[in-house]
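Worksheet for the structure shown next.
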Amino acid sequence: MVRIRLERELNELRNDIITVGSWTDDVLQMASTIFQDGDSVPYKEVDEAVRRIVSAKRKLEENCLRLLASEQPLASDFRLVSAIFKMASHIKRIGELAGSLVELADESEMRSDPAWDILEDMLAEGRDMLHSALRSLVRFDTDLAQSTIDRDDTVDQLFRKLREEIIQELRKGDSPDPLLPDALLMGKFLEKIGDHAASSAEWVLFAIGDRRE
């Protein structure tokens, strides 16, 4: 009976982190809408979405701690709860970065700039990494988790490409595009989103007892 209740609570934690991930993806979708269609997103809507993510993250952490304190989890259970606890922080941070990205992108006027295309590619890659990290947790799929971690190299390569593009633009003349610093900042946001998605996948490996160097 105790084990059945514990299994139910573990499944609830997994469902909760998937929900937080889904809400985070909603904010990334807002950014994608700006990059792909050029449509504006009301800031109030973005702010409310990020606040919901932050609040859910806190509640999820409380539930993780309550379960560890009140139950007698096996070692595998402890790994899973600890992983979900850590993933909540990484996914919450993705949501916050995505919110900042939406705000900055929405105000930008560089939508026909080559750097914009690179940023769009970084966003697509980071978003898919988040999806893969969450799927790997649902499936307990070590291969998918590891491939998500490996894809962070692609995001890093795109960020280096973005920096090179900006440097080339700065060398063209005495009046550089004043929007270039925005592009660099958005690139940094996206690089960090990739980092946090990869870190989430690393915690999935921890949860299933398969940490890889």
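The values are calculated or read from the model by the stated rules, or taken from the named source; none is laboratory data. Bear in mind the structure is a predicted one, so any value in this text is a computation, not a measurement. Glycine also receives a Cβ, built like all others from the backbone with ideal geometry; neighbour counts cover every protein chain displayed.
Data table
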{"quantity": "Residue in the range 53-74 that is nearest to Asp16 (Cα to Cα), counting only those that are among the acidic types (Asp, Glu) and touching a helix residue (DSSP H, G or I) at 6+ places or on another chain (Cβ under 9 Å)", "calculated": "Glu61"}
{"quantity": "From Leu123, Leu119, Leu137, residue being assigned to a helix (DSSP H, G or I) and under 14 Å from Leu205 (Cβ atoms)", "calculated": "Leu137"}
{"quantity": "Among the residues listed as Arg171, Arg160, the single one being over 17 Å from Gly21 (Cβ atoms), modelled with pLDDT of 95 or more and more than 19 Å from the chain's Cα centre (by Cα)", "calculated": "Arg160"}
{"quantity": "Some residue of the range 116-131 being over 18 Å from Ala31 (Cα atoms) and within 15 Å of the chain's Cα centre (by Cα)", "calculated": "no"}
{"quantity": "Close pairs from the range 123-138: first of a type outside the set (Asp, Glu), partner not in a helix (DSSP H, G or I), Cβ under 8 Å, at least 6 apart", "calculated": "Met129/Arg151; Ser132/Arg151; Arg135/Asp141"}
